[in-house]
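A short reminder: the numbers here are calculations on the coordinates, not readings from a lab. The shown structure was predicted, so the numbers you read here are calculated from the model rather than taken from an experiment. Cβ placement follows ideal geometry from the backbone for every residue including glycine, while neighbour counts extend to all protein chains displayed.
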Amino acid sequence: MTSPTADPISDMLPRLRARARKLCRTHDEAEDLTQETALRLWQALHRDGNITAPDRYAMITLHNLARSRWRSRQETEELADDMAQTAPAAPARLACAELRAAIMRLPADQAHLMALVLAGESSPQVLAALHGVPVGTVMSRLARARAKLRADMGLEGTASVVELL
């Protein structure tokens, strides 16, 4: 006489196999995954018996087992001494210090505008309102300031600030 829990498991096996084939590389891996899932479901039903949706329990178990196998299969690389190093921050800090010094050498009106831009204010309208000058004046002062900074920093005329680093 068979136990009442054997039928739900055997009824589920075709669905489990089909899903396992989608999750595994080979037919043998899929069969192993199906068998292990069925075994775990059988153990859970006999141990607990309070599984209200064995089909959902089996599918979740199948996915968790597949995920566990994927993770264990991932090859890891031995860390070497040169891999543990991070890029030094000193060159970027020096470039920022040079840029600040170059901004301080600008004419006062341009230096003040560039200091505000450096602090995060990028709206020409706000800068114009703060200085009480037209937006066009702010734009031309910023353009002249950027051109002078590029020349002082030894960058080409179209160079980006990123090239400082």
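See the values below:
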read-out: Cα-centre dipole for the chain with unit charges at Cβ (Lys and Arg positive, Asp and Glu negative), debye to 20; value: 600
read-out: Spherically averaged projected area in nm², based on the convex hull that wraps the Cα atoms of segment 6-73; value: 4.3
read-out: Nearest 10 degrees, 0 to 90: helix 135-153 Cα axis against the chain principal axis; value: 80
read-out: Principal axes of the chain: Cα extent on each, largest first, Å; value: 98, 43, 27
read-out: Extreme residue, positive dipole direction of segment 1-143, given options S140, A111, A30 (C-beta unit charges); value: S140
read-out: Nearest 10 degrees, 0 to 90: helix 6-23 Cα axis against the chain principal axis; value: 40
read-out: Euclidean distance of C-alpha centroids, segment 26-69 and segment 136-158, integer Å; value: 67
read-out: Protection-proxy order for peptides 49-55, 74-80, 18-24, each taking the mean of Cβ atoms within 10 Å per residue, highest first; value: 18-24, 49-55, 74-80
read-out: FRET efficiency, R40 to E77 (Cβ-Cβ, R0 22 Å, nearest 0.05); value: 0.10
read-out: Helix-only CD estimate at 222 nm, as mean residue ellipticity for the chain, using -39500 (n - 2.57) per DSSP H run (n ≥ 4); value: -22500 deg cm²/dmol
read-out: J(HN,Hα) series, segment 93-106, from Karplus relation 6.51 cos²θ - 1.76 cosθ + 1.60, nearest Hz, glycine and proline x; value: 5, 5, 5, 5, 5, 5, 5, 4, 5, 5, 5, 5, 7, 5
read-out: Cα long-axis angle, helix 108-118 against the chain (0 to 90 degrees, to the nearest 10); value: 0
read-out: Selection of GluC sites (Glu not before Pro), segment 3-58, meeting DSSP coil and at most 10 other Cβ within 10 Å; value: none
read-out: Residue (of N50, L127, T61) at the positive-pole extreme of the chain, dipole from beta-carbon charges; value: L127
